[in-house]
Structure formats: structure tokens, C-alpha cells
1. Tally the residues that are outside any helix (DSSP H, G or I) and surrounded by fewer than 17 Cβ atoms within 10 Å (Cβ to Cβ), restricting the search to the stretch 38-58.
2. Here are some conditions: (1) modelled with pLDDT of 95 or more; (2) assigned to a helix (DSSP H, G or I). Residue 176 meets all but one. Which one does it not meet?
3. Give me the pairs: first residue in the stretch 219-232 and free of Cβ contacts under 8 Å to residues at least 40 places away in the same chain, second residue in a helix (DSSP H, G or I) and of a type in the set (A, V, I, L, M), beta-carbon distance under 9 Å, and six or more apart or on different chains, which are they?
4. Residues in the stretch 69-91: is at least one of a type in the set (Asp, Glu), closer than 29 Å to residue 291 by Cβ and modelled with pLDDT under 95?
5. Hey, among the residues in the stretch 91-126 that are surrounded by 13 or more Cβ atoms within 10 Å (Cβ to Cβ) and β-branched (Val, Ile, Thr), which one's farthest from the chain's Cα centre (by Cα)?
6. Could you list all residues from the stretch 64-98 that are free of Cβ contacts under 8 Å to residues at least 24 places away in the same chain and farther than 18 Å from residue 179 by Cα?
Amino acid sequence: MNTYFELFLEATIGYFNWFIGQITFSSSQGLWGNYFYFLIIVSLLFFGLELAKPWRKNQPKFRQDFWLDAFYMLFNFFLFSIVAFAGVSQVGVELLNDFLALFGIKNLVAIQVGALPAWIQLVLLFVVKDFIEWMIHRLLHWSPWLWEFHKVHHSVKQMGFAAHLRFHWMENVVYKSLEYIPLALIGFSLSDFFLVHAIAIAIGHWNHANFNVNIGPFKYLFNNPAMHIWHHAKELPNDHKYGVNFGLSLSIWDYLFGTSYIPRDGKDIELGFPDDENFPKTFIDQNLNGLGLKK
């Protein structure tokens, strides 16, 4: 038990030092691999596009809950890991490794991709990771228990780039836990994960931004604001009561599995979910939602 506690402290302190290093540039070379400044830069880019060419022209430049969502970005991307997640996840990985060791399994890697060209590894990681997350996203809508957490993301009433990272802290736990083993079975490098993650962050910001461009036939491959806005629609079609357009980066999964839905231009549709007027409005109350607790 002491070993796991020490591992928790080591991972937590290590992540805190890494975070400080990100801010001071002492833990990375320039901007490459620097999550903190990458997030700031990509956020400013899409905020600038929203100001220069807004899709919903009547929406305020600083839309409803803009600063709440800005804090969500900081919390979900960094602060939550400092508080607990870095340590808990490291302990979880060690517990899994110890359990597998009981059966003589010392390495989860089952598919060796290191011999493949780098670009194929990147494309493979991007596609596999996105498909896993598409399935998890559907689960968040299908499970009544998980939906209570996911409601936080759907409580957005005016869409903007920062709404991308407005989500309950339990979603970090759910996504990382369910995708760990499938991704661990394939041997990818850490640099691959950063590049794929960076691309996913940029696409996610765009999907939620008050900015849109016509991407033509690529709409059947990549998610986009015109498609994702319907995922946030307050009124769902009767034959899709659990939701539509679940794609994170890629839209192809929704077209393949029959969950795509774009009946018309939806830029001005009402967002949310039934009875959302009674949903908590503050950060603390929203993050207690689904836990059976009240502030």
C-alpha cells in the first residue's frame, strides 16, 4: 500500500513540476510538445476567427459562459491532473500491471507498429483513437448514469470554441480508463500521441467555434460546426433519442453507423437538453452533478 501511495505522490509532484516547466519552457523545446502554450495559441486563433467572421452574427463576442468555459479548459487540461488525476491514473496503471503479472503478462503491446512508416503510425493512431472515443461518446449518451456527467458539456447555450473543453471531470476518468487498454495494445511513441492530440484539439475547437467554412465532400470524413451543432440540439429526432453526430474528429463513423443527422442549416437552433433551465450554472455545482451530492 505504501508503494502505491508513494507512486501517487511521485506522479502528482512530477506532473506539477512538468506543468510549471511548460509555463517556463524548461520542460520542452520551444513550443513543440508544450501543451500549455499550444492550447493558448489554438484558442486565440479560433477566437480571432469568431470575431472576424462569426457564423452566428447576432451572438455576443463574449458569449454566455465564455469565462466559465475558459476556466474549464484550464481545469480539465491541467489543474485536474495536478489535484488528483495524474496520481490516480498512475496507480491505476500499476495496479493493472500487477494484476496482469499474476498471469505472467509483462507487456500489453500486442501489435508492433514501430516498423511502419511514421506517417502510417500517425494515421493509424488518429483513426483508432477517434473510433474508440466515438464509441465512448455514444456510451455517455446511452448510459443514464454517465449521461448525468455528460450533461455538463450539453449545458452550453451559446456555442463557441471554449465549449469544447467544458466537460465534467468524470469524463476524463471514463475516456482515459476505457481507451487505455486498446491503445496500449498498439506500440505508439509519445511524440505520436502529442501530434494526434494536438490535431484533435484543433478540430474540437473548430467543431464548437462560432466560425464555419464549407469543406465540401470532406464533411463526410471530418467533423465540422454545421454537423456538430446538431449534436447539441435541444430537440432530438424521435428515432435518435440518445443523440446524433457523435464524432469527435471524424464524421465518417456517424455516416457508417447511421447516427448522422443534418436536416437543415442549424446555426441558430436552440442548444441544450430538456429541463436544462434547472441545471446547475456554477462550476462547482456542475461538477457535483451525477455524484448524488450537493454543494
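1. 3
2. Status for residue 176: all satisfied but (1).
3. Going by the 9 Å Cβ cut-off, the qualifying pairs are 219/226; 219/227; 220/252; 221/252; 222/203; 222/252; 223/203; 224/203.
4. There is no residue in the stretch 69-91 that is of a type in the set (Asp, Glu), closer than 29 Å to residue 291 by Cβ and modelled with pLDDT under 95.
5. 113
6. Listed by number, the residues that qualify are 67, 74, 79, 83, 98.
The values are calculated or read from the model by the stated rules, or taken from the named source; none is laboratory data. From a predicted model like this one, the values you see are computed outputs, not experimental measurements. Cβ sites come from the backbone with ideal geometry, for glycine too, and all protein chains shown count toward neighbours.
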